[in-house]
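The values are calculated or read from the model by the stated rules, or taken from the named source; none is laboratory data. These numbers were taken from a predicted model, which means no experiment stands behind them. Here the Cβ is made from the backbone with ideal geometry for all residues, glycine too, and neighbour counts use every protein chain on show. Side chains included, ligands, DNA and RNA excluded: accessible areas come from the protein's heavy atoms. Shrake-Rupley method; radii C 1.70, N 1.55, O 1.52, S 1.80 Å.
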Amino acid sequence: MEETQKIEDPRVSIFDFESYCDFLIKAGMPDGLYSHTANNLKTWANRLGYKSPSSLTMVIKGQRPPSLEMINALCEDLQMNMKEKQYFMLLVQLEKAQKKNKETKEILEKIAAINPKDKATALSLKEFNAISDWYYLAIKQLISMPSFIEEEEWIYLKLRKKVAINQIRYAIETMLETKTIGRNDDGRLIVLKEGLITTNDVPSSAIKRHHYGMINRALEAIQEQPVDERQITSVTMKVKESDVTAAKKYIFDFIKDFNEKFSTNEADNLYQLNTQFFSHTGKVVKH
């Protein structure tokens, strides 16, 4: 049987971040700052033309600003267009000005003018991770289970070895820091916020990455889980354009009803319900 091909995560947008350091970590170090995979600081530094990762490490940690040479190398490596590069340089200028207690009004005005996502909220790295990385919600749900054990190895095995130990550790630390979870009088982890952030405030790239992660779990389930543990169903149908909005609302209402009927804190198994409703066809323009 052929292995299911993983869908690549969507590109991280710099316009979703308020700090260039946070953006660099998420875009350039997708497996984490201290990853032992191929995506590590040494490999990235070498790709940028540096023999040692020390300069890149200092830039990412905010200990020194990137030089113009490094900015050019980073923008090329991360395939930024001209507008994204300008925004990146403005974030660098903003941090320099803030550290020197200089006036930042002009820089902030330029940032607001160039950012196309003026209705979205710029997030810190921790906030972005909590939305975009699928396993944050999964771990949060595990915490509410009666059988939950606060051991990284237990969480690792419970989530079918899909999340690395260091990712589990960082996710719990992040959710504690953002007060998504907390501890009761006995020191046991408890969920404080059922929702992480309202949909209207979430940058589109964070939502897209979340959906990509969950869809990849569904692809893996087709190969790895027996049919009595999963349900994969689809239908191809013709829908009038005027009915699309009503169809989407119908799906939303169904998900809400499904969750209210079957979701319970008494369960010791965690399931995922994904829905995809999209068009196979596009408009054909004859010349």
For the range 248-287: of the residues being over 25 Å from the mean Cα position of the chain (by Cα) and among the aliphatic types (A, V, I, L, M), which is nearest to Thr236 (Cα to Cα)? Val284
Cross-chain or 6+ apart pairs with Cβ under 6 Å, the range 248-262 first and on the phi < 0 side of the Ramachandran plot, then of a type in the set (Gly, Ala, Ser) and surrounded by fewer than 10 Cβ atoms within 10 Å (Cβ to Cβ): none
Output the number of residues of the range 273-287 satisfying the condition of being surrounded by 10 or more Cβ atoms within 10 Å (Cβ to Cβ) and in contact (Cβ under 8 Å) with a residue 60 or more places away in the chain. 1
Can you name every one of the helices (runs of 4 or more DSSP H) wholly within the range 50-149 that holds 1 or more residues which are under 30 Å from Asp268 (Cα atoms) and open to solvent by 40 Å² or more (accessible area, probe 1.4 Å)? 125-132, 135-143
Considering only residues of the range 227-247 that are closer than 25 Å to Asn269 by Cβ, among the β-branched types (Val, Ile, Thr) and open to solvent by 100 Å² or more (accessible area, probe 1.4 Å), which is nearest to the chain's Cα centre (by Cα)? Thr233
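Name the residue, out of Asn101, Asn40, Asn115, that is over 26 Å from the mean Cα position of the chain (by Cα) and modelled with pLDDT under 85.
Just a single option satisfies the conditions, and that option is Asn101.
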The range 165-193: number of residues that are open to solvent by 40 Å² or more (accessible area, probe 1.4 Å), touching a residue at least 24 places away in the same chain (Cβ under 8 Å) and in a loop (DSSP other than H, G, I, E, B): 2
